[in-house]
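One structure is given here, and the rest of the page talks about it.
The values are calculated or read from the model by the stated rules, or taken from the named source; none is laboratory data. Just so it is clear, the model here is predicted, and its values are computed rather than measured. Reconstructed Cβ throughout: ideal geometry from the backbone, glycine too, with neighbour counts over all protein chains shown. With ligands, DNA and RNA removed, areas are computed over all heavy atoms of the protein, side chains included. Shrake-Rupley method; radii C 1.70, N 1.55, O 1.52, S 1.80 Å.
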There are 2 protein chains.
Amino acid sequence: MTDVAQAFVPGHVTGFFTSDPDPDPTKAGSRGCGIALSDGVVVTVRPADAVSIELNGEPIAMGAVERVLDTLEAPAAVSATTDLPLGSGFGVSGAMAFGTALATNAAFDRRLSRNELVTIAHGAEVQAGTGLGDVVAQAHGGVTIRLEPGGPQDNVLDRIPARRRIEYHVIDELATDDVLDGETTALTMAGKKALSEVVQEPTLDRFMRASRTFARESDLLTARVRDVVLDVSEAGGSATMAMLGETVVALGTGLTDAGYDPGVCQIHPAGATLEPDPSM
Amino acid sequence: MTDVAQAFVPGHVTGFFTSDPDPDPTKAGSRGCGIALSDGVVVTVRPADAVSIELNGEPIAMGAVERVLDTLEAPAAVSATTDLPLGSGFGVSGAMAFGTALATNAAFDRRLSRNELVTIAHGAEVQAGTGLGDVVAQAHGGVTIRLEPGGPQDNVLDRIPARRRIEYHVIDELATDDVLDGETTALTMAGKKALSEVVQEPTLDRFMRASRTFARESDLLTARVRDVVLDVSEAGGSATMAMLGETVVALGTGLTDAGYDPGVCQIHPAGATLEPDPSM
């Protein structure tokens, strides 16, 4: 067992998705497409007498993180910091789950492979009901196309090869579990259609267009998000809704050009990374 | 068609590998394990009247790059820069092939997915006889375990989750095609054994040990490499041979501690990346 270990996990905004349930949480998940962000979550894991979890200095209950620690049989103090808001479609819970898995593996010398750690964190998120595809995409990085659902043993991934400035504007929270627990047939049909659009032409512009159509057809688009997306469009830009938050994401300077004061970051080119151990 | 585009591709040192031929070059390749390096190759692609390829300012013939441009129907001037030596086991030809694919896709607006670009560059490398697994690992990043051979449609990849300082010491070149064209049964048997060692315990230490055994059993270990590896071992470190070069790679400060003046870099956590377009 070494001492403390730290991981960085990119935020992730989903443009569209399907819901693909399965009795096995490592096979369940979603297809879809989303963007890993250079704004993310830093997760620090320290061996401790009892499990504790905090986010930006405040204690927080997070089912997915607890399950990861339980699976790895690791009593640890997990402390995470991020500038991204919770519950707004940035995949903060997925980031905490996978960051905890990566850093715990190092701090407790658990000798698992990266795919095994993704499987553990993905299954924990699915069981906790807080996400279906964030962990997989946050481990993969870039603009991930999830062609088949589930953890690394089952999924099929590709990427839109792109680098770009990304802006975001948060209006309010949305509860992920309310949507995922509800009727998802129409949502999944809209998600499949969007996926086939992006597979035909894997570009950012096509992704944004397919995501806007999905937001309407899935009935997830809120009036306030729609108004901001239209503002960006009228200013000549391209924006869509981050699933699942009342959050607008735009390419380039789309939100700035429309008069908003957005968060600004980049497409993060890599998946989550363990921070180098300065002693090695 | 935009203007110029640029990609960074990490260098890649292979510790052990198998040779898995197939009539289809996108299915052929190798299993094995290697380390992506923060020292890599920057590839710039500009639309041009005729194809030209240069490395560090000098014209160079590179079959894999020519095939990539041919497949993408892209007459381009490709110029690459790197501090890594050619023919010494750093995957420079694979880096140039995949960097050309990534940057050409952007510069010529070819709208292909990342997996499609990996497939094209991997197939080109196999057909040119300059590599079997570098492109796939350079696209994936980190310490890639190649569990099944071939391009993204066929292969299965995992990673050893690790960050570490890496040192390297180049003695001389080795010709990759001489080895790959020869009898590879014993090599592949040794590669499979090493792979199963690393799958049992995916750690850097186990990887280095399995790689040293592979170098001996495959008969690829040269006397000069063996002497340097022993020097590092006697100084308390861990080193192995980079396949295929007369090059020694060590973890941490292994070569420095043994009195050498090595190249120094880090495990590169990400696969190859397109550089951001500053105009966007």
Please report the residue of chain B with the smallest beta-carbon distance to the B-to-A rotation axis, and give that distance in Å, no decimals. B:ALA270, 2
Let me understand region B:164-266 better: what is its radius of gyration from the alpha carbons, and its Dmax, in angstrom? 13.5, 37
Which helices count as membrane-span-like in chain B under these terms: full DSSP H, at least 15 Å along the axis by C-alpha, Kyte-Doolittle mean of 0.5 or more? B:92-107
Put the label 7 Å from Cα along Cα→Cβ for A:GLY129; what are its distances to the other copies, in nanometres, shortest first? 6.2
Probe 1.4 Å, accessible area per residue of chain B, Å²: 38
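If r is the Cβ-Cβ distance from A:VAL264 to A:ASP205 and R0 is 22 Å, what FRET efficiency results, to the nearest 0.05?
Numbers: r = 20 Å, r/R0 = 0.90.
With a Förster radius of 22 Å, E is 0.65.
For a Förster distance of 22 Å, can you work out the FRET efficiency between the beta-carbons of B:VAL51 and B:ARG111, rounded to the nearest 0.05? Before the final figure, lay out each step's value.
Working: r = 21 Å, r/R0 = 0.96.
With R0 = 22 Å, the Cβ-Cβ based efficiency is 0.55.
Just from its helices, what would the mean residue ellipticity at 222 nm be for the protein assembly as shown, if runs of 4 or more DSSP H residues each count -39500 (n - 2.57) and the sum is divided by every residue, rounded to the nearest 500 deg cm²/dmol? It would help to have the intermediate numbers written out before the result.
Numbers: 18 runs with 198 residues, N = 560.
Dividing the helical sum by the residues of the protein assembly as shown leaves -10500 deg cm²/dmol.
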Along Cα→Cβ at 7 Å, what distances in nm separate the A:VAL199 label point from those on the other copies, shortest first? 2.8
I need the shape label for the protein assembly as shown. Rule: rounded when a/c is under 1.5, else prolate if a/b > b/c, else oblate, with a, b, c from the alpha carbon gyration tensor. oblate
Output the direction-averaged projected area (hull surface divided by four) of the convex hull of the alpha-carbon atoms of chain B, in nm². 13.7
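Could you tell me the total accessible area buried at the B-A interface, probe 1.4 Å, in square angstrom to the nearest hundred?
The contact between A and B buries close to 2400 Å².
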For A:LYS192, the aspartates and glutamates lying under 14 Å Cα to Cα, once residues fewer than eight places off in the same chain are dropped, come out as A:ASP20, A:GLU148, A:GLU217
Hey, for B:VAL4 with labels 7 Å out along Cα-Cβ, what do the inter-copy distances come to in nm, ordered shortest first? 4.4
